[in-house]
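Reviewing the structure listed below.
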Amino acid sequence: MEVIHKIGRRKTAVARVYVSQGSGNITVNKKDVQDYFSTGTLQYKVRQPLNMTGNGESFDIKVNVYGGGITGQAEAIRLALSRAMVEVDAENRGTLKPEGLLTRDPRMVERKKFGQKKARKKFQFSKR
């Protein structure tokens, strides 16, 4: 099997995932996944597509991720891994799609407008 390359995005985080045949090692920015994502919730999010398709121990995964915060990065990796699992076996699509793992979350930070304090918040109005 050749290396499969997929990209996942979430907010401003971009993850590039390289999947190859192996023993289940996940490397994120040249660190182990446990070292990069300290909480169990984020580690679960990263491994979710692998566990759902039953491929937890059959692939080595190398990830380059940048931008955004740590949660956005974990969810970007999850999307990229889901896309890679569909390319490995098309039957995985039926498992991942109902869980919403193949959907790119379009929500982004709303921009700040001029004449206002933030995107929606206004400066205090004084009547007199």
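Between the helical axis of 70-88 and the longest alpha-carbon principal axis of the chain there is an angle of about 40 degrees. When peptides 39-51, 69-81, 103-115 are ranked by their average number of other Cβ atoms within 10 Å per residue, the highest-first order is 69-81, 39-51, 103-115.
Please compute the net charge surrounding GLY68, taking Lys and Arg as +1 and Asp and Glu as -1 over other residues with Cβ under 11 Å from its Cβ.
Result for the neighbourhood of GLY68: +2.
Taking Cα atoms of the range 40-88, Rg/Rh with Kirkwood Rh, to two decimals? Walk me through the intermediate numbers first.
Values: Rg = 10.6 Å, Rh = 11.1 Å.
Result: Rg/Rh = 0.95.
Name all residues of the range 85-128 having a backbone nitrogen under 19 Å from the label point set 7 Å from the Cα of ARG16 along its Cα→Cβ direction, giving them as ranges. 85, by backbone N distance to the label point.
Shown here: the chain, whose C-alpha atoms stretch 72, 31, 24 Å along the first, second and third principal axes, sorted largest to smallest. Helix 40-53 and the long axis of the chain differ in direction by around 50°, with both axes built from C-alpha atoms. Over the chain, DSSP H runs of length four or greater, each weighted -39,500 (n - 2.57), average out per residue to a 222 nm ellipticity of -9500 deg cm²/dmol.
Every number in this text was worked out from the coordinates using simple rules, so none of it is lab data. If you're wondering where the values come from, they're calculated on a predicted model, not measured in any experiment. Cβ: placed from backbone, ideal geometry, glycine included. Neighbour counts: every protein chain shown.
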